[in-house]
Amino acid sequence: MTDFADIRDEFETYIGDIVYATMTTVDGRGRPRARVLIPVWEIVDGRPLGWLATYKTPVKAAHLAGNPHAGFSYWTPKQNAVAVDTVATWVDEIDVKRHVWSLYGKGSPRGAGYPLGSFWKSPADPKLHVLRLEPYRVQVIRGLDLRSRIWSAARVDELAG
């Protein structure tokens, strides 16, 4: 499916309910590394766009420098799940950091997010780093009947590499 609107409600509902995602990257030898984080998501021009407020750890930075693809997996005991395949890029612009700070504060989608002030002083805090997450594939699975629906970006070949 190429129209994200077809799965948007499930995407937002499940992520708002689950909140925590497992982010997976790979190192230079193709070995995966997972960590649990809370990204936020918005819809821009009918497509999902994610943001991750994070620390720029040496491992995460090295993995993304070698391969910018990152997977995010959400799961709940209800068996509802969301898998998001993205291309991640570091963004340092203060206006973007302010926008991301706001998204985390209000919850995006509703239920996801947290007060970033618990970890950073302000959007200008030099320890705050932001990853832009541009999805090229999103899968939602409804646990009730394991129905799976997949959205793919029109430019999937460009983004997925």
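The values are calculated or read from the model by the stated rules, or taken from the named source; none is laboratory data. Please read all numbers here as calculations on a predicted model, not as lab measurements. Backbone-built Cβ (ideal geometry, glycine too); neighbour counts: all protein chains shown. For the accessible areas, the whole protein counts, side chains as well, though only heavy atoms, and no ligand, DNA or RNA atoms are used. Shrake-Rupley method; radii C 1.70, N 1.55, O 1.52, S 1.80 Å.
Search region 82-105 for residues that are of a type in the set (Ser, Thr, Tyr) and pair each with any residue that is open to solvent by 60 Å² or more (accessible area, probe 1.4 Å) when their beta-carbon atoms are under 6 Å apart and the residues are at least 6 apart or on different chains.
Thr89/Arg132
Within region 39-55, how many residues turn out to be open to solvent by 60 Å² or more (accessible area, probe 1.4 Å), more than 12 Å from Leu133 (Cα to Cα) and in contact with a strand residue (DSSP E or B) (Cβ under 8 Å, 6 or more places away or on another chain)?
Summing the residues that are open to solvent by 60 Å² or more (accessible area, probe 1.4 Å), more than 12 Å from Leu133 (Cα to Cα) and in contact with a strand residue (DSSP E or B) (Cβ under 8 Å, 6 or more places away or on another chain) in region 39-55 gives 1.
With the structure loaded, tell me whether Arg149 is surrounded by fewer than 18 Cβ atoms within 10 Å (Cβ to Cβ) and outside any loop (DSSP other than H, G, I, E, B) or whether it fails that test.
When the stated conditions are applied, Arg149 passes them.
Could you list all residues from region 95-117 that are over 21 Å from Ala83 (Cα atoms) and either at pLDDT below 95 or acidic (Asp, Glu) (or both)?
Asp95
Is it true that Val36 is open to solvent by 40 Å² or more (accessible area, probe 1.4 Å) and aliphatic (A, V, I, L, M)? Steps first, answer last, please.
On the way: open to solvent by 40 Å² or more (accessible area, probe 1.4 Å): yes; aliphatic (A, V, I, L, M): yes.
The answer is yes for Val36.
Among the residues that make up region 56-63, is at least one of them open to solvent by 40 Å² or more (accessible area, probe 1.4 Å), more than 13 Å from Met23 (Cα to Cα), assigned to a loop (DSSP other than H, G, I, E, B) and modelled with pLDDT of 95 or more?
Checked region 56-63: at least one residue is open to solvent by 40 Å² or more (accessible area, probe 1.4 Å), more than 13 Å from Met23 (Cα to Cα), assigned to a loop (DSSP other than H, G, I, E, B) and modelled with pLDDT of 95 or more.
Can you find, within region 1-38, the residue that is nearest to Leu131 (Cα to Cα) among those that are in contact (Cβ under 8 Å) with a residue 24 or more places away in the chain and of a type in the set (Asp, Glu)?
Asp27
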